[in-house]
Amino acid sequence: MSRPISDFARCDCNAIHEDVISMVRTKLPGDEKLFYLADLFKMFADSTRIRIVSALLLSEMCVCDLAVLLGMTKSAISHQLRALRQTRLVKYRKEGKVVYYSLDDDHVGAIIAQGLSHISEN
């Protein structure tokens, strides 16, 4: 439930905390990194991509298996996997004619775990 705007804290001071600004300015990631971080989080803004990543968290899978699991077409799954590959969230390997997808690294699983932990808080 959202709170009325009047319940939010407001800063009514006119003081500038130069020491805080200086410290944050030196530690804040650059614009380019923040741009890529925003792109990364955009990938998690789609429930289909979250479902794919969640499935791949449990097992390496091919497009056909993902399509059956999620009740989607192979084309739709392939489209989402392409976007996930471009942001390095998933990787693939070929075995004969079959292409298997998996999470790119442990960080991807950690992001999902942190998100699930956050939404499970009371």
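Every number here is computed from the coordinates shown, using simple stated rules; none is lab data. Bear in mind the structure is a predicted one, so any value in this text is a computation, not a measurement. Heads up, the Cβs are rebuilt from the backbone with ideal geometry, glycines too, and the neighbour counts pull from every protein chain shown.
At 7 Å along the Cα-to-beta-carbon direction for both residue 40 and residue 92, put a label point, then send me their distance in nm to one decimal.
According to this spin-label approximation, the distance is 2.3 nm.
To make sure I understand, if each residue's beta carbon is the centre and we count other beta carbons within 10 Å, what order do 74, 27 fall in, fewest to most?
27, 74
Take a quick pass over the chain and tell me how many lysine pairs come in under 30 angstrom between Cα atoms, counting only ones 8 or more apart or on separate chains.
9
Classify the range 20-63 as rounded, prolate or oblate from the Cα gyration tensor: take a ≥ b ≥ c as the square roots of its eigenvalues, call it rounded if a/c is under 1.5, otherwise prolate when a/b beats b/c and oblate if not.
prolate
Please turn the phi angles of the range 86-102 into ³J(HN,Hα) values with the Karplus equation 6.51 cos²θ - 1.76 cosθ + 1.60 (θ = phi - 60°), one per residue in order, whole Hz, x for glycine and proline.
5, 9, 6, 8, 10, 10, 9, 9, 9, 9, x, 8, 8, 10, 9, 10, 8
Based on the Cβ-Cβ distance from residue 28 to residue 113, what FRET efficiency comes out when R0 is 22 Å, to the nearest 0.05?
Result of the calculation: an efficiency of 0.25.
What's the exposure ranking of 99, 53, 24, going from fewest to most Cβ atoms within 10 Å?
So the residues, fewest neighbours to most, are 24, 99, 53.
What does the charge count around residue 45 come to, taking other residues whose C-beta lies under 14 Å from its C-beta (Lys +1, Arg +1, Asp -1, Glu -1)?
+1
In the range 16-120, with Lys and Arg counted as +1 and Asp and Glu as -1 at Cβ, which of these residues, 67, 96, 22, has the Cα nearest the positive end of the dipole, that is, farthest along it?
Of the options given, the answer is 96.
Diagonalise the Cα gyration tensor of the range 16-120 and give the resulting equivalent ellipsoid semi-axes, square root of 5 times each eigenvalue, largest first, whole Å.
The three semi-axes for the range 16-120 are 34, 14, 12 Å.
Ranking request for peptides 28-34, 89-95: highest mean number of other beta-carbon atoms within 10 Å first, then the rest in descending order.
By packing density, highest mean first, the sequence is 89-95, 28-34.
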